[in-house]
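Just below is one structure, and these are the notes that go with it.
Since every read-out is calculated from the coordinates, none of them should be taken as a lab result. Given the structure is predicted, the values throughout are model-derived calculations rather than measurements. Every residue, glycine among them, receives a Cβ derived from its backbone with ideal geometry; neighbour counts consider all protein chains shown.
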Amino acid sequence: MATADVLTVDLPIMSEVLNDANWYVKLGTAAKSAGTPVFYENMLRLLGSGIAHEYGFAVRYGNADSTDVLCTTGHPDFIVDEYKATYHHVDPFGHFWRSTRRKGLVTSEEAISDTAETRLYTSVFQRRAKIADEIGIVFPSPGKTCIALFLESSDRKFSSELAAHIERIFPALEGLHFSHLARTFGKLCDFSLDADEATTRPILLTDRHGQVVYRSSSWREAEDREPCLVNIRKDIRTIDRGEIEISETMRLKVSRLPDDFSIAPEGHIYVLNWRPVRQPTEALAPSDGLAIAPLTKLEGDVLALIKLTKSSGQIAVELGIAKGTVKNYKQRLYRKFAVNSERELLGLLSKQQV
């Protein structure tokens, strides 16, 4: 928070910063760490090299309920915890980015406005964190998110000269950021079922809030073929299982992403495995003879459990598939037996037994 008695920071000439060999050492360190968990920590050090500041903050802004702290410098743990628990909701820099979607330099003067939420941030959080001024840069990231790096001062305002310096070096830092994204996406092979096919397999990335960060074109095609994939993430949250059968041709592997996976920390990666349709290898059971089309094996398994009056949830657990998938297969059975409900289906089967 900028106060009336805050002084403008006395910066060295920016050309002197860029002529300092230490700046290039930090540039090399950041470049070599692309694709690793310490990348944005090194980027904070590079951004702050030669600039008087006390604190640093690296965050990932998503939607209003999706803000992740990637790393900090100088702040005690309790300040970081308070930001995560409460004050990220009123972070004016997050609101500014969500309203403008603008990359590059961002200053307190343009981000902080006179609103009740902003006053909670400036009058409470910034005072507790001993922040007098903030200046930052914003990098666009996949899934309508961004990565923002901030330098923070405890007793002075950052000058317009500093802002001009940051604007000059932003293209270089943005290039490092995109290099990090490329290497991070390359590591998706570690989570896929077959590393050689990771670039062609249907892949979906979500953050810890369930928001989509990345969806491959082949995943979109799979959603068109199997509409239940659209809602599968809701089912995943209720099933403690790493692999789920979606249909006769699809099996889904779900892996939790590491906390330091900066694109989607604590998120999930979904990898879809395609298989040929399994053809029935044995004669249909007597009750199946009422169907107007042959049943697949999974349809037969679902039917057998329906006959035992199992609920959709119980069938999902026994067969190791999602509850939504069970409902989808029930609808298929209704069509094949020319009925409109489970009650009609059971009535039809009971008549045959009689």
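Phi angles across segment 340-346 convert, under the Karplus curve 6.51 cos²θ - 1.76 cosθ + 1.60 with θ = phi - 60°, into 3J(HN,Hα) values of 10, 7, 5, 4, 5, 4, 5 Hz, Gly and Pro given as x. Scalar couplings 3J(HN,Hα) for segment 157-174, obtained by applying the Karplus form with A = 6.51, B = -1.76, C = 1.60 to θ = phi - 60°, are 8, 7, 8, 5, 5, 5, 4, 5, 4, 5, 5, 5, 8, 4, x, 5, 5, 5 Hz; x denotes Gly and Pro. With a cut-off of 10 Å between beta carbons, the residues surrounding Lys144 carry a summed charge of +2, where Lys and Arg count +1 and Asp and Glu -1. Near Lys310, once Lys and Arg are set to +1 and Asp and Glu to -1 for all other residues with Cβ below 14 Å from its Cβ, the sum equals +1.
Summing charges over all other residues whose Cβ lies under 15 Å from the Cβ of Glu134, with Lys and Arg as +1 and Asp and Glu as -1, gives -2.
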